[in-house]
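I have placed the structure first, in the form of structure tokens, so that the comments after it can refer back to it.
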Amino acid sequence: MSSSIPKTQKAVVFEKNGGPLEFKDIPVPTPKSTELLIHVKYSGVCHTDLHAWKGDWPLDTKLPLVGGHEGAGVVVAMGDNVKGWKIGDYAGIKWLNGSCMNCEYCEQGAEPNCPEADLSGYTHDGSFQQYATADAVQAAKIPKEANLSEAAPILCAGVTVYKALKTADLKAGEWVCISGAAGGLGSLAIQYANAMGYRVVGIDGGADKGEFVKKLGAEVYIDFTQEKDIVSAVKKATNGGPHGVINVSVSEKAIDQSVEYVRPLGVVVLVGLPAGSKVTAPVFESVVKSVQIRGSYVGNRKDTAEALDFFARGLIKCPIKIVGLSELPEVFKLMEEGKILGRYVLDTSK
Ligand code: 8ID
Ligand code: ZN
Ligand code: ZN
């Protein structure tokens, strides 16, 4: 490794789920032969990072853990078997840090579904540190002209909603409902949906979020804190229900409602991962309406390249607020309270 790479660095680490989030010095990791060492400049904070810290899901995190999986930075070192990267390239750290590339899922480009998937900020120390390692095959190529703070949220939020919209399989001019529209994923989903030619109805809570999602391109806003009959309101606004729904809220109730308001022959896409939740669909209506319910999980390398291309062409503007890495606990608090518009991005130099 080059002499300009320090031996220690700042990171946010927790020793146990729900335990203190310590901003402290830890060693700079050494890349394996197939890995890059990335000097992370900025990292988005995804609601998944909050779930990981709280231990919300039936999959254990590594402990102690450095979270974060929307890291944007510069390649500063690499292992001997890395191909296709140079020192100085812009690189992105995604949720899927690495996969086996040999199983039946990897073979068909469904790398996130690999049983051996290594996950940034979950099973592999992530981007809430100044220097992080990433598998060179899965690391995202960020174009050199990109603003790294604005590119960071594309690496999870952007890729995920773009893939979810592809999963909904809509046609230009059709309606898509984004449930959880003002959050990190939702604020990008509105823009990808518009760029793909769809009409957007957004659901979230509060007047400020309504103004925000309309500015981002939603034609209609429905406030779940004010509207008593969400199902009828969505059906009315879309003349019979949206053709697709992207569920990015962290709410079981909102997901259940989406199965009811979706248009006959429509597709409900599950993305948000509220702890311990089940999706409840009435069998009779689901059959008679011939509704499809599909899960969608981040995206593969091609989805990543495509999502970054929409961004590089200026079609997606990430609504970000930049704060220091040390402020992660305050960001988690705001996120838990549902007080965030768009995405918080951490500057790792602070
Ligand atoms: O690959 C995946 N499937 C994937 C990838 C990335 C993230 C899944 N996720 C999951 C996260 O783990 C999380 O569960 O997507 C969910 C949303 O992540 P986020 O966008 O990073 O969260 P956020 O910024 O907190 O936004 C959530 C929004 O939902 C709204 C909130 O007001 C907030 O704006 N919301 C809630 I909570 N309840 C709602 C309701 N009943 C609601 N909006 C509409 N109706
Ligand atoms: Zn994420
Ligand atoms: Zn695999």
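The values are calculated or read from the model by the stated rules, or taken from the named source; none is laboratory data. If you're wondering where the values come from, they're calculated on a predicted model, not measured in any experiment. Neighbour counts run over all protein chains shown; Cβ positions are idealised from the backbone, glycine included. Ligands, DNA and RNA are excluded from the accessible area calculation, which covers all protein heavy atoms including side chains. Shrake-Rupley method; radii C 1.70, N 1.55, O 1.52, S 1.80 Å.
A few points about this structure:
- Electrostatic bookkeeping for Val13 treats Lys and Arg as +1 and Asp and Glu as -1; over the other residues with beta carbon under 9 Å from its beta carbon, the sum is -2.
- Structure-based [θ]222 nm, the chain - -39500 (n - 2.57) summed over DSSP H runs of at least 4, per residue, nearest 500: -7500 deg cm²/dmol
- Contact order, relative form, for the range 32-142: 37 percent (alpha carbon pairs under 8 Å, 6 or more residues apart, mean separation divided by residue count).
- Options Leu63, Leu36, Leu265, ranked by Cα towards positive dipole end of the chain, top entry (Cβ charges): Leu265
- Heavy-atom accessible area, probed at 1.4 angstrom with all protein chains present, ranks Tyr297, Tyr261 as Tyr297, Tyr261, highest first.
- In a reduced charge model with +1 at each Lys and Arg Cβ and -1 at each Asp and Glu Cβ, the range 246-306 shows a dipole moment near 140 debye about its Cα centre.
- For Val269, the shell of other residues with beta-carbons less than 10 Å away shows a net charge of +2, using +1 for Lys and Arg and -1 for Asp and Glu.
- Long-range Cα-Cα pairs in the range 133-289 (distance over 21 Å), rounded percent: 44 percent
- Relative contact order of the range 216-350, defined on C-alpha pairs under 8 angstrom at six or more residues apart (%): 16 percent
- With Cα atoms defining each centre, the range 270-284 and the range 290-332 are spaced 22 Å apart in the structure.
- Full extension of the chain between Asp80 and Glu337 gives 88.0 nm of extra length, using 0.36 nm per residue less the Cα-Cα distance.
- When you count the other C-beta atoms within 10 angstrom of each residue and take the mean per peptide, 43-50, 31-38 line up highest first as 43-50, 31-38.
- Exposure of Arg263 as accessible area (Å², to 10), given a probe of 1.4 Å and all protein chains: 60 Å²
- Net charge of the neighbourhood of Asp118, taken over other residues with C-beta under 14 Å away and scored Lys/Arg +1, Asp/Glu -1, is -3.
- Per residue, the accessible area of the chain comes to 43 Å² when a 1.4 Å probe rolls over the protein heavy atoms.
- Relative contact order for the chain: 18 percent, from Cα pairs under 8 Å spaced at least 6 residues apart, divided by residue count.
- With all protein chains in place and a 1.4 Å probe, the accessible surface of the chain carries 52 percent carbon and sulfur.
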